[in-house]
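**Student:** Sending over a structure as structure tokens; questions will come in a sec.
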Amino acid sequence: MRVAQVSKFGGPEVLVTADVAEPVVAPGEVLIDVAFVDTIFVETQVRNGWGGEFFPVELPYVTGSGVAGTVREVGAGVDPGWVGRRVASSDGFTGGSAERVVRAADTLTAVPDGLSPRDAAALVTDSITALGLIELTAVKPGERVLILGASGGMGTLAVQLAHARGARVVAVARGERKRALVRELGADATVDGADADWPERAREALGASGADVVLDGVGGAFGARALPLVADGGRLSLHGAPTGDFADIDAAEAERRGITVYGIGDMRFAPEEQQRLRAAAYEEAAAGHLRPVIGEVFPLERAAKAHAAIEARTLVGKVLLEP
């Protein structure tokens, strides 16, 4: 069976196709024929050797986690009615970039009619984070929401979800093509993150009092510049680190101004919560109310090219693999 595997940390070139033994189903598990594999930016960072304290892996490992496909076989104790059903699953942080995967039955989410396996894979991970963030920060109608990294897989979903809740959405994205996309998805105003004065432009779009909610999907010094844009008593989520680290803010200032700060630890939802969030997002997508943006689909053999494209930030939205 073919997999996309990392045997040493390094650039995209260390991600190669390998042949491994076929997975064997154990009690409580199912075997899935994989149609599409989700990829997320942090996977490229882990491949480079970053983030071991948050995302531990043991070499060699198979990249990816989120998959969409069809159940081929079930193990003892699993409802045989799963066989032949379209499902999605994300379990842990590795093992998904393969022709077939074994997953615990309690990680499965049924893919509803009206949702393609490709879109299901694009939503399998990011929908949990995006919907979880919107719920965690309790976005309300009429509130002002600032989203950094709005044109990525998770950011595009957060824009749509915040807009659907009646918030005024200000989206930060780089370049006119990405800004046009997030406007199409519901952003009321956009700011070019490539401009050095983007915080000033964001302040103009938000109004003098700032944002009730800031969702930082970028991190580093860029994300830290968002703290002054949060209204007193507002909420700030520092969940992104594609710049190389999470934003480091002045915690004393945040406390003095009554700002509630959330970090990556708050994004670790219990398995039952993950299932609830993903199922809710799938129903919204099947009904046409939530649209995943897919930049490109790469064959499994070109997984290294997929990682290189993600790192170059040339694509808009999600990058998927297709075994």
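**Student:** Hey, any hits in the stretch 150-169 for a residue that's assigned to a strand (DSSP E or B) and modelled with pLDDT under 95?
**Tutor:** Yes; the residues of the stretch 150-169 include at least one that is assigned to a strand (DSSP E or B) and modelled with pLDDT under 95.
**Student:** Condition check: buried (at least 22 other Cβ atoms within 10 Å of the Cβ), of a type in the set (A, V, I, L, M), in a helix (DSSP H, G or I) and assigned by TED's automatic domain parsing to the domain that holds GLY153. Does ALA202 satisfy that?
**Tutor:** The answer is yes for ALA202.
**Student:** Being in contact with a helix residue (DSSP H, G or I) (Cβ under 9 Å, 6 or more places away or on another chain) and β-branched (Val, Ile, Thr) is the filter; apply it to the stretch 35-57 and report the residue that is farthest from ALA304 (Cα to Cα).
**Tutor:** Out of the qualifying residues, it is VAL57.
**Student:** If we keep just the residues of the stretch 97-112 that are closer than 15 Å to GLU29 by Cβ and touching a Gly at 6+ places or on another chain (Cβ under 7 Å), which is surrounded by the fewest Cβ atoms within 10 Å (Cβ to Cβ)?
**Tutor:** ALA104
**Student:** Given ARG118, ARG177, ARG144, ARG72, which one is within 30 Å of LEU227 (Cα to Cα), in contact (Cβ under 8 Å) with a residue 40 or more places away in the chain and surrounded by fewer than 18 Cβ atoms within 10 Å (Cβ to Cβ)?
**Tutor:** Exactly one residue qualifies, and that residue is ARG177.
**Student:** GLY81: surrounded by fewer than 19 Cβ atoms within 10 Å (Cβ to Cβ), over 19 Å from the mean Cα position of the chain (by Cα) and at positive phi, yes or no?
**Tutor:** no
**Student:** Wholly within the stretch 1-113, which strands (runs of 3 or more DSSP E) include no fewer than the required count, namely at least 3 residues that are charged (D, E, K, R)?
**Tutor:** 29-39
The values are calculated or read from the model by the stated rules, or taken from the named source; none is laboratory data. Remember, predicted model here, so these are calculated numbers, not experimental data. Don't worry about glycine lacking a Cβ; one is built from the backbone with ideal geometry, like all the others, and counts go over all protein chains shown.
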